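Please treat every number below as a calculation from the coordinates, not as lab data. Worth saying up front: this structure is predicted, and the values here are computed from it rather than measured. Neighbour counts are summed over all protein chains in view; Cβ atoms, including those assigned to glycine, are modelled from backbone coordinates with ideal geometry.
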Amino acid sequence: MPMTATKQEPLIEAKGLDVRMGGQRVLEHVDLSISAGEILTIVGPNGSGKSTLLRALIGAVRLDGGKVTHAEGLRIGYVPQRLHIDPTLPLTVRRFLNLPRQHNKAQIEQALERAGIPNRADAAMTALSGGQFQRALMARALLDQPDLLILDEASQGLDQTGTADFYRQLEQIRDELNCGILLVSHDLHVVMRAADRVICLNHHICCQGHPEAVSNAPEYRALFGRYEEEALAIFRHDPHHHPHDHAHAPEAEVEADDAG
Amino acid sequence: MLDDFMLRAGLAGLGVVLAAAPLGCFVVWRRMAFFGAATAHAAVLGVALSLALSVSIFAGVLAVSLLMAVLVTALSGRGYAMDTLLGVLAHAALAFGLVAVSFLSDVRIDLMAYLFGDILAVGRGDLAVIWGGAVLVLGLTLWRWQALLLETISDELAHAEGHDPRRDSLILTIALAIIIAVAIKVVGVLLITALLIIPAAAARAFSHTPEQMALGAAGIGMLSVAGGLWGSWHLDTPTGPSIVCVAALIFAALTTLGRVIRAKAAT
């Protein structure tokens, strides 16, 4: 494949990014690069500058320092965190996928089928449920075989199984297209499983590397220690377990707390 | 063949509504209605300045409208809510314009003609300016159609795919200033925004794609011009406002019809 020759060349390279907003430093000296075939995840607490970093990488934010370089002819598929379509704008799923370039009927149908929303081409975008809307965004991002897929909190609103499926799907996409995938997420555990590399961001890069190494790093634990324990607790909880069948000690405690 | 003043009026109205249709859709989708009104109000100041400096009304209005648009863009996001900022600038521009006109005591000008238009007085020269501007606006809007549409839906998607939303917003602003400058003779500064918004909003009820809405707006605009001219001829009413009245009636009818049909489909 022609891509293998350029595999070592990063798709996007950012050096020393500085972004200030309203006098606050949102990003400080952030270096980042992502290559084809790599899944890179950015984790960080709320307000740590994750979304700003993504926006800086696509050129939507004015930089106060540093430089972003895109590989020549880089095609980016972007899946934003939220997208508001004004109710006055009539837009079918098909028209959205055909924006700005026209695709033939078969391509549209195939893209929707792969995204798991077949037969929705003529539905209005505003009539889609939250999950379907997210899938339509994904279908459009993948339509022109991007070199780099960027997802901002794309698993928001999915349940635990949905999230796990979603990340399995990402690995499939990466293997099929040999594209780079850059994502921002809160879902620490699933993210940790799917990513090749994790960057832990809190305005600056606290630590980065292989998921396991990062989750053991003291900087990461300082940021996420408590949150992680909570997340793990949710994971260990058996959803099919009916609370009244057996009087588990921890549940009894919770109930006692509620009563008091 | 352009001797008949009704024919010239019809052609002038046609030029404006055709150019206003796709542009008006963006004004509606991007919630720029008040921005358009503010820019239009500044046009009175442009009229006063062009009379004082003896330059063409078109040039004066275009310059002041552009200046207003740039000023609004520059001041936005600096502490005041957009509607407050536009309210201050729009009415300040209108008031200063009206005061400036009153200084021009040696020039007899019919202020009403600039506030509400004077479509029946459109001459051949006016017609050339109107159609020149209309073709330019239509060209700009259609040229950037796909990119503007993407930018309207999401700035981030547009950036990621290599577009430049800031440049395209500027193009849209320029198109808005041009349409105001050419439409001042047709409906006047106070009713220009109506011709941008009402046909587009009326077309929304029965559109499934942006393109259908723009074409629908053009059709409704043409119908409004024809109906307004006919009405003002038979009922002896002011023409510009009559055109807007017809557009508003079409809007009310289509929107109600759309509601009823959807309610029936839902049951």
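List of remarks:
- Distance-filtered residues of the stretch B:175-199 - backbone nitrogen under 18 Å, label point 7 angstrom along B:Val70 Cα→Cβ: B:175-181
- Packing-based order for A:169-181, B:236-248, A:206-218, using average beta carbon neighbours within 10 Å, highest first: B:236-248, A:169-181, A:206-218
- Low-density loop cleavage sites - chymotrypsin sites (Phe, Trp or Tyr not before Pro) in the stretch B:15-66, where at most 15 other Cβ are within 10 Å (DSSP): none
- Karplus 3J(HN,Hα) series, Hz, for the stretch B:35-45 with 6.51 cos²θ - 1.76 cosθ + 1.60 (x for Gly, Pro): 4, x, 5, 4, 5, 5, 4, 5, 4, 4, 4
- The stretch A:5-71 and the stretch B:79-149 have their alpha-carbon centroids 43 Å apart.
- For the stretch B:170-267, the mean projected area of the C-alpha convex hull, equal to one quarter of the hull surface, is 7.3 nm².
- Cβ-derived FRET efficiency at R0 56 Å, A:Met21 paired with A:Arg193, nearest 0.05: 0.95
- Anisotropy class of the stretch A:1-121 from Cα gyration tensor, a/c 1.5 cut: oblate
- Three-way shape call for the stretch B:5-191 based on the alpha-carbon gyration tensor, with the a/c threshold at 1.5: oblate
- Net charge in the neighbourhood of B:Glu151 (other residues with Cβ under 12 Å of its Cβ; Lys, Arg +1, Asp, Glu -1) is -1.
- Here B:Gln146 and A:Asn216 are evaluated by their C-beta separation; at R0 = 35 Å the FRET efficiency comes out at 0.10.
- Bridge orientation summary for the protein assembly as shown: considering DSSP beta bridges with both residues in this region, about 50 percent are antiparallel.
- Each of B:Met112 and B:Leu170 was given a label point 7 Å from its Cα along the Cα-to-Cβ line. The distance between the two points is 4.2 nm.
- Modelled FRET efficiency - R0 45 Å, A:Thr161 with B:Ala253, Cβ distances, 0.05 increments: 0.35
- Reach of A:Lys15 by Cα under 19 Å, taken over lysines that are not fewer than 8 positions away in the same chain: A:Lys50, A:Lys67
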